[in-house]
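Here's the structure we're looking at; comments come further down.
The values are calculated or read from the model by the stated rules, or taken from the named source; none is laboratory data. Quantities reported herein were computed from a predicted structural model and do not represent experimental measurements. Neighbour counts are summed over all protein chains in view; Cβ atoms, including those assigned to glycine, are modelled from backbone coordinates with ideal geometry. Please note that ligands, DNA and RNA were not included when accessible areas were found on the heavy atoms of the full protein model with its side chains. Shrake-Rupley method; radii C 1.70, N 1.55, O 1.52, S 1.80 Å.
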Amino acid sequence: MKMTGAGAVVEALHKEKVSILFGIPGGVVIPLFDEIYRNGKFKLVVTKHEQGAIHAADGYARTTGKAGVCVVTSGPGATNIVTGLATAYMDSIPIVALTGQVPTAMIGNDAFQEADTTGITRPVTKHNFIVKDPLELPMVLKKAFYIATTGRPGPVLVDLPKDILTAEIDFEYPEKVKILGYNPTVKGNVRQIKRVMETIRQAKRPLIYAGGGVIASEASEDLYTFVKKTGIPVTLTLMGLGAYPAREPEYLGMLGMHGTKTSNYAVSRCDLLIAIGSRFDDRITGKLSMFAPMAKFIHIDIDPASISKNVIIDVPVVGDAKHILKEMLKYGEKLDIKEWINEIEGWKAEHPLTYIRDDDILRPQFVVEQIYKVTEGNAIVTTEVGQNQMWTAQFYRFNRPRQLVTSGGLGTMGYGLPAAIGAQLAHPNATVFDIAGDGSIQMNIQEMATLTQHQLPVKIAILNNGYLGMVRQWQEFFFGRRYAATCLRRDSRCPDNCDKSGKDCPPYVPDFVKLAEAYYAVGIRIEKKADVEGVLLEAVKTKKPYLLDFVVNPEENVTPMVPAGAPIDKMISSKEDAEKFLLA
Ligand SMILES: Cc1ncc(C[n+]2csc(CCOP(=O)(O)OP(=O)(O)O)c2C)c(N)n1
Ligand SMILES: [Mg+2]
């Protein structure tokens, strides 16, 4: 069929069953947006900033498992998505980003809005392409979706010069794709899997440490069956939350820097650590040389490059977690690990996650617990980055995969609101919360306009502590409580002119309630514990965007905490603990 390059892109998107596009137009991509407009079959979500578009595509991808697609212009449009690409790359999220480029004849001329997009994005994409011959378009698009969604998923960028979009081509979409040197292993080696099961049978204190890979491969049910069959306890990474239901007795909570004491003790004491779809990130391992010192390591992962990258693995299996778990199940049997389980139960009873509940102070953990209660644990929850993110991970109990949407590897402030937009569009009937910090929310606050324009009933819950709280917490613990550059209410030398309690500060900068109103959303400020539940109930039952500004205890901390570089069983909870730690 004869059509333009832009027409071919639209046809390819149909073939890939894409129905929602996120983006912002500009000079060189007008032909593509024109084609999208005339085609009329896509839901086109025009965000206010390209970073919003790519995070929204990312939120769509994380909550559906399908590739999210964003379309932006050349130059500043393309550079504005770099953070979003890096965010998706670090967390292995499938995205196809289409960027406009200046006409091929002008590339290298410092043309208006020219940027070396493939050069800039190479380190933050799984792969990228620039199309220089219109005849390559169908195959390049086919490859882009294939690479984004297979193996270890990730973002793929396709740079589209303007003359490629306007050229006329004979369109035929390839049925199959073959890429030399790219053959992700799906099925695990059977002999290795037998070795895994042999090793498991010999363990006295085995522990499963599962991550986002279990969610990416849709292996949660298989993990569930495997755990129920063998009785092996489970700890999850931030990216893995929901991969095993938090309500189940085998679950120990998150591990790592802000993990539960139970998980971190269990890792430190286990004799076999079974990593599934997790990658031994430094926020998990702490001091590497002291990580799981008594354990043998099994590592199940689709990416051969992550095997023995940070810790030396005894029994690796490369492949898709779902396939491998199904195979493991065949040889699985109930293990006799009663003593180990008793030890773990002891830690659980002794060290639950806590905060001060018996006073009138409005604390962020309480807000998160109330959100959990009011949504009956069923919401899709996105977060920003910082304390808000960690309190959400600790106090919202995730029982299913794709329920928590958070920037783990890159830790991108400003991620949560646009990601919530993508999640809500993918799940129109779900209750979607962005649990936010007062700092992070301001990094993409403009997307409130997108909420209103598309009538998306997302609930933004700001845990407003008046600080870049997570940084402030480190300053409190490790920098003599000098709050350099972290107070959001006065100026950057906060400690010199306020008493650090926040009570002398100008109350609210910005006034989030007024800001919500400017965007035609409902804005409510909540300062009392007693008001929290009522306001949440109202917000949840009203099909409108809400911005709930919870004014919480300014110097509340996320505990427990493993100081950076410490072994993970050395957890601290206060400034005093930190001082002891620094002296030791
Ligand atoms: C884009 C970006 N810039 C800077 C940081 C460093 N950083 C991590 S947490 C944080 C504070 C976040 O403040 P806020 O959103 O209010 O969350 P809180 O920790 O107070 O809950 C900062 C500045 C980051 N993660 N991302
Ligand atoms: Mg804050």
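Collect the residues in region 452-483 that are away from ligand 2 (no atom under 16 Å from the Cβ), of a type in the set (A, V, I, L, M, F, W, C) and surrounded by 24 or more Cβ atoms within 10 Å (Cβ to Cβ), keeping them in residue-number order.
Scanning region 452-483 gives a single hit, Val458.
In region 433-451, which residue that is away from ligand 2 (no atom under 12 Å from the Cβ) and among the charged types (D, E, K, R) is surrounded by the most Cβ atoms within 10 Å (Cβ to Cβ)?
Asp434
So which residues in region 74-96 are under 24 Å from Thr150 (Cβ atoms) and open to solvent by less than 10 Å² (accessible area, probe 1.4 Å)?
Ile81, Gly84, Leu85, Thr87, Ala88, Ile95, Val96
Do the conditions hold for Tyr265, that is, is it in a helix (DSSP H, G or I) and of a type in the set (Ser, Thr, Tyr)?
Yes; evaluated as a whole, the condition is true for this residue.
Specify which of the listed residues (Ala203, Ala246, Ala216, Ala210) is of a type in the set (A, V, I, L, M, F, W, C) and open to solvent by 20 Å² or more (accessible area, probe 1.4 Å).
On inspection, the qualifying residue turns out to be Ala216.
Regarding Met257, is this residue hydrophobic (A, V, I, L, M, F, W, C) and surrounded by fewer than 24 Cβ atoms within 10 Å (Cβ to Cβ)?
yes
Name the one entry in Ser440, Ser407 that is within 13 Å of ligand 1 (Cβ to nearest atom), small (Gly, Ala, Ser) and closer than 11 Å to His55 by Cβ. Lay out the reasoning, then the answer.
Working: Ser440 fails: closer than 11 Å to His55 by Cβ.
Within the list Ser440, Ser407, the selection yields Ser407.
Mind listing just one residue for me: the one in region 358-376 that is free of Cβ contacts under 8 Å to residues at least 60 places away in the same chain and outside any helix (DSSP H, G or I) and, of those, surrounded by the fewest Cβ atoms within 10 Å (Cβ to Cβ)?
Out of the qualifying residues, it is Asp358.
When region 97-152 is examined, which residues are found to be within 16 Å of Val71 (Cα to Cα) and surrounded by fewer than 16 Cβ atoms within 10 Å (Cβ to Cβ)?
none
Report, by residue number, each residue of region 421-437 that is more than 13 Å from Lys459 (Cα to Cα) and within 16 Å of ligand 1 (Cβ to nearest atom).
If the condition is that a residue be more than 13 Å from Lys459 (Cα to Cα) and within 16 Å of ligand 1 (Cβ to nearest atom), then Gly437 is the only one that fits.
Being within 23 Å of Tyr508 (Cα to Cα) and either open to solvent by 10 Å² or more (accessible area, probe 1.4 Å) or more than 25 Å from the chain's Cα centre (by Cα) (or both) is the filter here; which residues of region 553-584 pass it?
Asn553, Pro554, Glu555, Glu556, Asn557
If I filter region 381-395 for residues that are of a type in the set (Phe, Trp, Tyr), part of a helix (DSSP H, G or I) and surrounded by 22 or more Cβ atoms within 10 Å (Cβ to Cβ), do I get at least one hit?
There is at least one residue in region 381-395 that is of a type in the set (Phe, Trp, Tyr), part of a helix (DSSP H, G or I) and surrounded by 22 or more Cβ atoms within 10 Å (Cβ to Cβ).
For region 167-183: of the residues being in contact (Cβ under 8 Å) with a residue 24 or more places away in the chain and not aromatic (Phe, Trp, Tyr), which is least open to solvent (accessible area, probe 1.4 Å)?
To start, the set of residues in region 167-183 that are in contact (Cβ under 8 Å) with a residue 24 or more places away in the chain comprises 167-174, 177, 179, 182.
Next cut, not aromatic (Phe, Trp, Tyr) only: 167-170, 172, 174, 177, 179.
Numbers: Ala167: 24, Glu168: 127, Ile169: 4, Asp170: 97, Glu172: 149, Pro174: 27, Val177: 33, Ile179: 34 Å².
Top of the filtered list is Ile169.
So, restricting to strands (runs of 3 or more DSSP E) that lie completely within region 72-174, which ones have at least 1 residues that are farther than 25 Å from Asp58 by Cα?
Details: elements: 95-101, 127-130, 155-161, 168-170.
Output list reads 168-170.
Could you list all residues from region 18-56 that are outside any helix (DSSP H, G or I) and of a type in the set (Lys, Arg)?
Across region 18-56, the qualifying residues are Lys41, Lys43, Lys48.
Please identify the pairs in which a residue from region 232-248 that is under 16 Å from Lys348 (Cβ atoms) and at pLDDT below 95 has its Cβ atom under 8 Å from the Cβ atom of a residue that is of a type in the set (A, V, I, L, M, F, W, C) and outside any loop (DSSP other than H, G, I, E, B), counting only partners at least 6 apart or on another chain.
Once the first residue is under 16 Å from Lys348 (Cβ atoms) and at pLDDT below 95 and sits in region 232-248, no partner that is of a type in the set (A, V, I, L, M, F, W, C) and outside any loop (DSSP other than H, G, I, E, B) comes close enough.
Cβ-Cβ distance below 8 Å, separation of 6 or more or different chains: which pairs start in region 458-469 with a residue that is in contact (Cβ under 8 Å) with a residue 24 or more places away in the chain and end on one that is part of a strand (DSSP E or B) and charged (D, E, K, R)?
These pairs meet every condition: Val458/Asp434; Lys459/Asp434; Ile460/Asp434; Ala461/Asp434; Ile462/Asp549; Asn464/Asp549.
The conditions are (1) open to solvent by 40 Å² or more (accessible area, probe 1.4 Å); (2) part of a strand (DSSP E or B), and Thr354 fails exactly one of them. Which is it?
Failing condition for Thr354: (2).
Kindly list the number of the only condition in (1) more than 28 Å from Leu241 (Cα to Cα); (2) surrounded by 15 or more Cβ atoms within 10 Å (Cβ to Cβ); (3) in contact with a Gly (Cβ under 8 Å, 6 or more places away or on another chain) that fails for Val186.
For Val186, the exception is condition (1).
Condition check: in a helix (DSSP H, G or I), among the hydrophobic types (A, V, I, L, M, F, W, C) and within 16 Å of ligand 2 (Cβ to nearest atom). Does Met328 satisfy that?
Taking the combined requirement at face value, the residue does not satisfy it.
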